[in-house]
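Heads up, the thing below is written out as structure tokens.
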């Protein structure tokens, strides 16, 4: 097919802000170099020709309902080097990829409904979050979404990130607070645990319980207050290049995830411990929990060697797990690709 539109949609690291966005808190996030490359071509047959996916179905259904009369005919394909179900927002990245492709092919940005509702890039990220969780956005009616009750953290990180920077965001509603430059000489290394952080069946129910505002009591409320305060403290520590403080905050965040959220597994606990034993300055799990990945803060000159040591030590302890290590300095958010 002749290429009409092509873009790159990254995954993300949640550096601080475990389960804070949908409760109106803050998070500190970064896009990563790994992600989805999506290609789209406008067609005229009334069909959206796209590989089968419940996420694609969700996007197509919502856009057609919110913008009736718009021709969404398109042929869409994608490729990805982003690990799936590893806490790096592969599902949100795919939703954003399909949505942006259909927006580009359909011209809905010229409709009055779009212009009246989606006025800023923050609005755009929020709307994509609502497509995923099913919520109404302004005058644009909601639906079932994909069945998870998350917020817009992932979509903010994927759409609004800047290369070499961490993004500090506030939520409900989404606001960009500040961009923090990564400390010179340091980078993120990410290790997947090999335990899939699924949001389906029983795992979806556990995730949705954490995302339910009605559950914001007791240990859950204690966790939210502590983690939300840590996000702001961590943004200042990254801005100062205070690596020791970042390490202390990451340790507290990991401890609270384990004891207050209760969403850690032996593999993520071990990944954090091994990272610190192997020379990381800080390490913490991220994403929904019950599996997924861990970020480690390492010297950029030692990042590849550190990652190899970290992975080897983890595989020795968990040989049954298909783990990977990724070098993931903070990257640029969603971007069009020139042909």
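Every number in this text was worked out from the coordinates using simple rules, so none of it is lab data. Quantities reported herein were computed from a predicted structural model and do not represent experimental measurements. Note that we place each Cβ from the backbone using ideal geometry, even for glycine, and neighbour counts take in every protein chain shown.
Each of 217, 268, 181, 278 has some number of other Cβ atoms within 10 Å of its Cβ, and from fewest to most they run 217, 181, 278, 268. I need the shape label for the stretch 1-135. Rule: rounded when a/c is under 1.5, else prolate if a/b > b/c, else oblate, with a, b, c from the alpha carbon gyration tensor. Oblate, since a/c reaches 1.5 and b/c is not below a/b. Put a dot 7 Å past the Cα of residue 299, heading toward its Cβ, do the same for residue 321, and the two dots end up 2.7 nm apart. If you model the stretch 181-327 as an ellipsoid using its alpha carbon gyration tensor, with each semi-axis the square root of five times an eigenvalue, the axes come out at 25, 21, 11 Å, biggest first.
Remark: relative contact order (the chain) = 25 percent; criterion is Cα-Cα distance under 8 angstrom and separation of 6 or more residues. Quick one: among 294, 29, 48, which has the greatest mean-square fluctuation in a GNM of the chain with alpha-carbon springs under 10 angstrom? Evaluated over the chain, the most mobile residue of the options is 48.
Taking Cα centroids, how far is the stretch 114-163 from the stretch 222-275 in Å? The distance from the Cα centre of the stretch 114-163 to that of the stretch 222-275 comes to 27 Å. Computing Rg/Rh (Cα atoms, Kirkwood Rh) for the structure here picks out one of [x] 1.11; [y] 0.99; [z] 0.97, namely [z].
Only helices enter the 222 nm calculation for the chain: every DSSP H run of n ≥ 4 contributes -39,500 (n - 2.57), and dividing by all residues gives -12500 deg cm²/dmol, rounded to 500.
Legend: ranking of residues 177, 15 from fewest to most surrounding C-beta atoms inside 10 Å; resulting order 177, 15.
Classified by the C-alpha gyration tensor, the stretch 115-160 has an oblate form. Its axis ratio a/c, with a ≥ b ≥ c, is 1.5 or above, and a/b does not exceed b/c. In terms of its C-alpha gyration tensor, the stretch 233-304 comes out oblate, because a/c is 1.5 or above while a/b does not outweigh b/c. Mean separation of Cα pairs under 8 Å and 6 or more residues apart, divided by the residue count, gives the stretch 5-162 a relative contact order of 27 percent. Relative to the longest principal axis of the Cα atoms of the chain, helix 121-133 runs at roughly 90 degrees. For the chain, modelled as a GNM whose springs connect Cα atoms under 10 angstrom apart, the maximal fluctuation among 79, 90, 193 occurs at 79. Between helix 54-66 and the chain there is an angle of about 50 degrees, using the helix long axis and the longest principal axis of the Cα atoms. Each of 42, 18 has some number of other Cβ atoms within 10 Å of its Cβ, and from fewest to most they run 42, 18. Model label sites at residue 184 and residue 120, defined 7 Å from Cα along the beta-carbon direction, differ in position by 3.3 nm.
Springs between Cα atoms under 10 Å define the GNM used for the chain, and in it the highest mean-square fluctuation of 86, 30, 65 occurs at 65. Using only Cα atoms, find the angle between the long axis of helix 90-106 and the longest principal axis of the chain, and express it within 0 to 90 degrees, rounded to the nearest 10. Orientation of helix 90-106: about 30 degrees from the principal axis.
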